[in-house]
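**Student:** One structure follows; several queries about it will come next.
The values are calculated or read from the model by the stated rules, or taken from the named source; none is laboratory data. Keep in mind that this is a model prediction, so the values were computed, not measured. We place every Cβ from the backbone using ideal geometry, glycine too, and count neighbours over all the protein chains shown. For the accessible areas, the whole protein counts, side chains as well, though only heavy atoms, and no ligand, DNA or RNA atoms are used. Shrake-Rupley method; radii C 1.70, N 1.55, O 1.52, S 1.80 Å.
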Amino acid sequence: MGALDYLSNFCIVTSTRSKRKPMQTVEIKVKMDCDGCERRVKNAVTTMRGVKSVEVYRKQSRVKVSGYVDPNKVLKRIKRTGKTAEFWPYIPQHLVYYPYAAQVYDKRAPAGYVRNVVQAFASSSNAVPEERIISMFSDDNVNACSIM
């Protein structure tokens, strides 16, 4: 048995396949005007390896792809159809602290969505001045009478 185990170590074939990509959903903004555009984009993405589902929302100019895919490859495949495409830049409006701040509100965004911008989220440094103003007029502040 010792000799067979020793020889079997030379016969082991190691797989060079990479790990399977994780299941993910990729949302892409694609300019689509007609049924032909929609069909061309959907067919291009559906034929990719690892794609489980493709949903096209023409009114929102959005394509949602779910599966074991690389987001950059999906974007590149859609761009190959000749359409202008980018990753979905919007997030739901209720997730943003200041939805009407500069560079956040976008007229071209679908209803209920705003642009995903870093300044749109609340930070702790923004909350400090508000707390000072509120505490200035509170009943617990001894100097409140002198301000009024």
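**Student:** For segment 26-56, enumerate the residues that are in contact (Cβ under 8 Å) with a residue 24 or more places away in the chain, open to solvent by less than 80 Å² (accessible area, probe 1.4 Å) and not aliphatic (A, V, I, L, M).
**Tutor:** E27, K29, C37, G50 - these are the residues of segment 26-56 that are in contact (Cβ under 8 Å) with a residue 24 or more places away in the chain, open to solvent by less than 80 Å² (accessible area, probe 1.4 Å) and not aliphatic (A, V, I, L, M).
**Student:** Pick from segment 57-74 the residues that are in a loop (DSSP other than H, G, I, E, B) and not β-branched (V, I, T): which of them is most open to solvent (accessible area, probe 1.4 Å)?
**Tutor:** The extreme case among them is K59.
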